[in-house]
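A quick write-up on the structure given underneath.
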Amino acid sequence: MEDSARPTPADSAELPNGAGMPEAVVAPAAAEPPAPEAEEGEESGIANDSETNAALGAEGEVSRPLTMRELLGELKDSGEASSGRSTISEGNGIGSAGAEGASQDSLQFSSHHDVAMDLINSVTGVDEEGRSRQRILSFAAKRYVSAIERNPEDPDAYYNWALVLQESADNVDPDSSSSKDSLLEEACKKYAEATRLCPTLYDAYYNWAIAIADRAKMRGRTKEAEELWKQAIMNYDKAVQLNWNSPQALNNWGLGLQELSAIVPARDKQTIIKTAISKFRSAIQLQFDFHRAIYNLGTVLYGLAEDTMRSAGPDVSPNDLYSQSAIYVAAAHALKPNYSVYRSALRLVRSMLPLPYLKAGYLTAPPADNTIAPHKHWERSEFVLNHEGLQQVNASESPSSKSLGHMGRSKKYIKVAVADMVSVSACSDLTLPPGAGLCIETIHGPLFLVADTWESLDGWLDAIRLVYTIFARGKSDVLAGIITG
């Protein structure tokens with residue numbers, strides 16, 4: 001089967017730092033593949049995200065910075081660019097750098113920046129709007145070069161200069177002789193200088209990582225691409241260190257790790273994939289409705305399930321991973337039902353859900369009528385989660401044949417309606433039975449449960465938070481359609 005028939009994370013044109021989010025993704029909608037039962041990844045439905053980044057639409061890699069949008073608006077409104085003229089000297093594109101008596105350093109400065117200016121001036125947009133945009137970028141480039149000439153120690157000038165180069169790379173006409181890679185390489189040099197002058201410039205590290213990632217994508221699965229992905233990951237790491245409250249940086253970091261996992265030796269792949277999972281999960285914990293990170297976490301779990309099925313022994317089942325993957329894809333679709341990539345991926349994974357529920361599994365719970373009972377009265381029992389809430393299952397009844405509101409009439413079972421939830425979190429209370437503690441705060445008080453493992457706890461935390469987030473966004477009917485339709 002062709003790669004284009006497999007849903008994988010699609011790059012978006014989302015702007016960094018909340019600048020905006022487009023309603024379309026780059027990757028085309030996936031075609032209907034055969035049921036994911038084949039051994040080979042080519043025929044198994046959702047492709048391993050780390051192996052086929054072009055197919056499932058990796059959501060979230062940002063392609064242009066917020067300040068660039070503001071800059072373009074400012075220049076367009078000022079009228080300076082629209083006149084096609086600049087108050088800066090046009091002689092060599094760097095203002096007064098060619099003045100009589102210029103020092104050798106100034107001449108070197110002029111030569112160095114002329115290279116970047118020549119690259120920008122060679123760019124032609126694909127249409128009139130693109131050409132108009134490029135004229136504005138050319139004007140901005142001269143403006144920042146002039147600022148650097150006046151003050152070579154100005155990190156902001158280098159940073160904005162890098163943004164212009166990066167934006168110009170996005171504006172390259174595919175039929176033009178201009179080199180997108182060369183523009184991105186020059187942008188990286190400017191970001192490097194900006195961060196040298198100001199090591200705490202978060203935006204520079206973030207956009208620098210994006211520029212490096214774009215260069216890596218042009219090189220496929222080569223050794224050179226591997227080194228570039230490692231550089232991009234290092235810069236995302238630095239950006240998160242400087243601004244931990246950035247779900248976009250964490251999401252992009254996860255995407256970079258996915259790409260790297262497709263290139264490195266097999267012995268290193270599992271560790272990198274697990275790190276990617278942690279980055280996507282961290283992004284979601286910062287922004288519960290960050291559908292791009294939610295979707296990407298689903299695709300990387302699917303890829304991990306595929307790897308497990310191919311490489312593990314017959315006693316190891318990937319079903320839990322497939323089911324987890326389906327939860328995140330379903331949640332992303334519920335939050336953004338108009339995204340064709342999510343819709344296509346959902347068609348592939350919906351059957352992997354424990355329908356008519358979103359999640360089913362085991363938790364250790366106290367008696368419903370005595371939530372502070374001694375440990376000996378706590379029991380490990382099955383719970384199910386759907387758009388209405390969390391429900392303990394009567395062991396004598398089959399969850400698949402019962403609705404949430406008609407279980408266990410003869411005995412009182414735990415039931416938490418999503419509308420009653422206030423928060424959900426991990427809990428390390430020493431009074432709880434052994435295991436990974438879970439606390440659901442409700443309007444009626446806290447409910448404590450215990451998962452078998454900390455890994456299992458992560459799945460329950462995410463699923464409950466996602467159901468509540470979908471409810472809070474008024475999309476419960478979409479989720480209900482997914483799991484009951």
In region 414-437, what residues are outside any helix (DSSP H, G or I) and open to solvent by 40 Å² or more (accessible area, probe 1.4 Å)?
-> K415, V422, S423, S425, A426, S428, D429, L430, T431, P434, G435
In region 345-372, how many residues are open to solvent by less than 10 Å² (accessible area, probe 1.4 Å) and either part of a helix (DSSP H, G or I) or free of Cβ contacts under 8 Å to residues at least 40 places away in the same chain (or both)?
-> 2
Answer with yes or no whether S146 is touching a residue at least 40 places away in the same chain (Cβ under 8 Å), of a type in the set (S, T, N, Q), crowded, with 24+ Cβ neighbours inside 10 Å and farther than 19 Å from L228 by Cα.
-> no
Which one of these is modelled with pLDDT under 95, open to solvent by less than 40 Å² (accessible area, probe 1.4 Å) and of a type in the set (D, E, K, R): E153, E186, E226?
-> E186
Selection from region 156-177 of residues that are assigned to a helix (DSSP H, G or I) and open to solvent by 20 Å² or more (accessible area, probe 1.4 Å) = D156, Y158, N160, D170
Could you say whether any residue in region 444-459 is over 17 Å from P354 (Cβ atoms) and in a loop (DSSP other than H, G, I, E, B)?
-> yes
Identify the single condition in (1) assigned to a loop (DSSP other than H, G, I, E, B); (2) more than 22 Å from A326 (Cβ to Cβ); (3) not polar (S, T, N, Q) that L250 does not satisfy, given that it satisfies every other one.
-> (1)
Could you figure out which of (1) of a type in the set (G, A, S); (2) farther than 25 Å from V341 by Cα; (3) crowded, with 16+ Cβ neighbours inside 10 Å isn't true of G298?
-> (2)
Failed condition for I272, given (1) farther than 21 Å from A305 by Cβ; (2) open to solvent by 10 Å² or more (accessible area, probe 1.4 Å); (3) of a type in the set (A, V, I, L, M, F, W, C); (4) at pLDDT 95 or above = (1)
Give region 198-211 a look and list any residue that's open to solvent by 40 Å² or more (accessible area, probe 1.4 Å) and in contact (Cβ under 8 Å) with a residue 12 or more places away in the chain, or say none.
-> T200, D203, W208
Unique residue being in contact with a strand residue (DSSP E or B) (Cβ under 7 Å, 6 or more places away or on another chain), under 23 Å from L438 (Cβ atoms) and at pLDDT 85 or above when the list is T371, T364 = T364
State the number of residues belonging to region 213-262 that are hydrophobic (A, V, I, L, M, F, W, C) and within 12 Å of the chain's Cα centre (by Cα).
-> 5
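The values are calculated or read from the model by the stated rules, or taken from the named source; none is laboratory data. Given the structure is predicted, the values throughout are model-derived calculations rather than measurements. Counting neighbours? That spans all protein chains shown, and the Cβs are built from the backbone with ideal geometry, glycine included. We work out accessible area using only protein heavy atoms, side chains counted, and drop any ligands, DNA or RNA first. Shrake-Rupley method; radii C 1.70, N 1.55, O 1.52, S 1.80 Å.
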